[in-house]
Ligand SMILES: Cc1cc2nc3c(=O)[nH]c(=O)nc-3n(C[C@H](O)[C@H](O)[C@H](O)COP(=O)(O)OP(=O)(O)OC[C@H]3O[C@@H](n4cnc5c(N)ncnc54)[C@H](O)[C@@H]3O)c2cc1C
Ligand code: SF4
Ligand code: SF4
Ligand code: FES
């Protein structure tokens, strides 16, 4: 091997990812006195979190005082079709309000209620107005606030220690390609600076993964180039496990026209504020798609639905506010039945429902975006929308309280979209931003205390670093392979067509075959150009991550023979209570993805008794119901 | 289907580069960033450019398109004539890394120097109460997506590398304004700090920054001007000045901005102001304080010449002077007449009066 320069750094905690979860974790680790590094593929403050629009769900009860953590917990479990890790849902519901209030002490400025508290808005799947928001740029507010909090900690360190970067440093435009282990313990991380192509090595006993999602494996997606499933793949390769990978959220309302903005989301608050979905015949079709489990909460006629906006206590909600998977499926069915728009979507109409002035006030950036990008004036004409790959529920299997990764590795933590379990089979809108804060803080804090109780610092082996260098340089040194862009397109085609929103056994088997072929082609990928800021090379390195994560999704989707949340099997259209008790767990066996079934943890009695028996009957097996009855009888005595 | 369109894209790195011609297919409804992505997937796989959201929300994809600073993901191809050649170059104010990617670390350094939000000491989390009307002013500035187009276009640093240390730029003036207008921020010297440490004085309100802001933030009208006015008010208001002299005895009297402002231990440095923007040398400033002619009227700078649209010509090429307009105002000639100087020689004796 030729000589390669590698920059070395020593940290206590390395946080991979500078979105909401990563920044919150880093703040916590730094507050615990640990020397902390934050690593991000793009510039500081540009992570995906910036794009979240609707808001952050937290049961503060500012708008409807009847809201509390129990109600939020119930909504979350319901949304995830009871497949959620109940402990995570519980912690999330309990701790979100504190995490939001804390942001105000960092300088966040949320929209206010009349009495000066944080305003909260309605959102699909939430019983009460619950989403703290700032117009429709809540994610920007969240990330900027955390970014500025980090700056303020750096200013403290500068005053105290003379150096901004004494205890917390941001490595922007730096990509981690490999985690390094010492036995079963995390010892560090290896990556490259995008800018120079130079390599960088972090020696650290604890690593927090906060790398976000996997959406780039799909062509119509709201996700950016960063979302190549790096964290998922890093975790797998380090011996951790992934759960729920079959559950992908397709946002029901992404723009489908014009083509350049295909995939960009139209926030749910358009529907929360009165927008309705219509097919090409002008029919408000959502009334035809209210599933039985939701009949009690959703209106079955337009008059009642329309009254709800003014008087939510005495009317049932409009079906446009059903959970996302239901809306996405409904749109899909309408389009398949030939009642879609020319571009293959449906109409989302707010223009005929609210005065132009009101639309501009409530949805300023939506209005702006459509005007600038598509020359569509949403105050005058309806939008054309359709399902878009948006969010991955699945991710690193973690201990609910600490965020420590399950599997054989120690010292690895995960938080945010890259972790799994919290959202079960489907995430409610707004639950992600609060998830980032709650579990980011937990992961950062536990990573810090993990380093405290380590007797010795793990060591990095030279051989592992050499191997990492070699893997990273390989695409540049080959010139016989295919272009990474072609391979990415082929991968997107396989995933979009065969492992998309509606799945079938034959297609999934086919997909696995195609992915295996792709794997061989990806192993031989070659990138033109040099090491300095070379996007082709970067993509070539990301491809293997996208591929292994796609294999997990396809395998799990084939295995789960039911439809639930973000996983719809045409050949098994019903939800099956037996499958609710099963988590599908992926791990790596050498190079190959191994899939195992694992039982879901059982909900504690005081939590399960928050639900009506009638509701539970839709989800639980007879056996579980009998247990529940015994429990209520016990309590009745 | 699409048509072929002509593009000229700057390729190179810090050692130099040039515009290269490409003919690319363009489909209906596409934006410039789509075209760049198509080039990456075809003729130029290693063409470097930043992007994330492709929706005008992250501020990554800033570049200069036909000489105008723009977000490439928000620049529709339909805004150009069919036979027009579209020229794409990197932001000019920041050093090139490669192709369309520039080193914007200047902005992160300035961000780090700007004092953070100071939470009120006696309000617990969850107890913050603010009215919507009161937060809206700051919220306007918090819309900033940090695309740095305003920084790129501001002539104070665009053509004057040497101003960079003393000048934070419009993005950070609105950060200061945002905190100044924050109903609960406990720090009270945001404006003074902007004047003395961030180089607010360099800004001669050309409004180029407001002009390019993709978020339509009224950087000058709502941010910079209110801050300047308040600082100026205090500087010229004899009552305020008297007040400060009477009530703040024992402190070095200060030329300008310090009336109610109290910045504690660091005051020798942070409270002072020289008319050419902030000086970072505390000692020479303190010296200058002694030799000040307090009653001198500082002439208002006149704005530099504007073009037919009422805008400042953006580049030296199209500008009628050899360099960008003087931050001191174009009516000031050098050397300055001695009576206009607020300068004290380090070795000079006690001032005459
Ligand atoms: C358009 C859109 C709208 C949304 N709206 C909402 C909403 O209204 N409410 C809500 O709750 N949620 C919403 N979401 C979901 C939510 O925004 C995301 O799930 C969440 O922001 C993920 O945050 P994160 O901290 O996990 O990761 P991200 O914010 O995605 O950050 C990932 C970070 O990891 C870094 N990274 C990745 N790989 C590597 C690597 N190999 N090396 C180094 N760094 C790496 C990236 O650079 C980035 O900094 C929305 C999502 C989208 C796309
Ligand atoms: S108004 Fe002109 S001089 Fe002032 S900050 Fe903006 S661009 Fe710079
Ligand atoms: S103020 Fe406007 S132009 Fe300047 S960085 Fe922010 S968004 Fe960009
Ligand atoms: S890519 Fe985010 S603003 Fe253009």
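Data overview
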| read-out | value |
| --- | --- |
| Alpha carbon Rg of the range B:3-101, scaled by the compact-globule rule 2.2 N^0.38 Å | 0.99 |
| Estimated inter-spin distance, residue A:598 and residue B:134, nm [label 7 Å along Cα→Cβ] | 4.9 nm |
| Sorted by Cβ density within 10 Å, fewest first, the residues A:267, B:3, A:49, A:471 | B:3, A:471, A:267, A:49 |
| Alpha-carbon spread of the range A:1-75, three principal axes, descending order, Å | 66, 29, 20 |
| Cα centroid separation, the range A:472-510 to the range A:278-325 (Å) | 39 Å |
| Nearest-ten-degree value, helix A:364-374 long axis tilted from longest Cα axis of chain A | 70 degrees |
| Förster-model FRET efficiency, 51 Å R0, residue B:187 and residue A:196, C-beta, rounded to 0.05 | 0.85 |
| Rh by Kirkwood over Cα pairs, then Stokes-Einstein D for the range B:19-69 at 0.692 mPa s and 37 °C, µm²/s | 272 µm²/s |
| 16 Å reach of a label modelled at residue B:28, 7 Å along Cα-to-Cβ, counting backbone N of the range A:353-376 | A:374-376 |
| Rounded to whole Å, sorted largest first: equivalent-ellipsoid semi-axes of the range A:253-307, Cα gyration tensor | 25, 13, 12 |
| Estimated D of the range A:206-299 in µm² per second, where Rh is the Kirkwood radius over Cα pairs and Stokes-Einstein applies at 25 °C, 0.890 mPa s | 147 µm²/s |
| Between the range A:94-144 and the range B:171-193, the Cα center-to-center distance that results, in Å | 22 Å |
| Virtual spin-label span in nm between residue A:582 and residue B:121, 7 Å along Cα→Cβ | 6.2 nm |
| Radius ratio Rg over Rh of the range A:519-633, counting only Cα atoms, Kirkwood formula for Rh | 1.20 |
| Per-residue [θ]222 nm for the protein assembly as shown (sum of -39500 (n - 2.57) over DSSP H runs n ≥ 4, rounded to 500) | -10500 deg cm²/dmol |
| Crossing angle, helix A:20-31 versus chain A [Cα axis fit, 0-90 degrees, rounded to tens] | 60 degrees |
| Whole-angstrom gap from the range A:167-222 to the range B:1-41, using each part's C-alpha centre | 31 Å |
| Per-residue average of Cβ from other chains inside 10 Å of A:141-152 | 3 |
| The range B:149-205 - convex hull of alpha carbons, volume per residue in Å³ | 73 Å³ |
| Binned Cα-Cα distances of the protein assembly as shown, short to long, each 10 Å bin given as a whole percent | 2, 11, 20, 24, 21, 13, 6, 3, 1, 0 |
| Potential lengthening between residue A:509 and residue A:632 on full extension [0.36 nm per residue; Cα-Cα distance subtracted] | 39.8 nm |
| Rel. contact order, % - alpha carbon contacts under 8 angstrom, at least six apart, chain A | 20 percent |
| Partner chain coverage, peptide A:528-539 - average Cβ within 10 angstrom | 5 |
| C-alpha long axis of helix A:622-636 to longest principal axis of chain A, angle in ° | 70 degrees |
| Antiparallel %, DSSP beta bridges [both residues in chain A], to 5 | 65 percent |
| Computed over the range B:105-236, Kirkwood Rh from alpha-carbon pairs, angstrom | 15.2 Å |
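A short reminder: the numbers here are calculations on the coordinates, not readings from a lab. Given the structure is predicted, the values throughout are model-derived calculations rather than measurements. Heads up, the Cβs are rebuilt from the backbone with ideal geometry, glycines too, and the neighbour counts pull from every protein chain shown.
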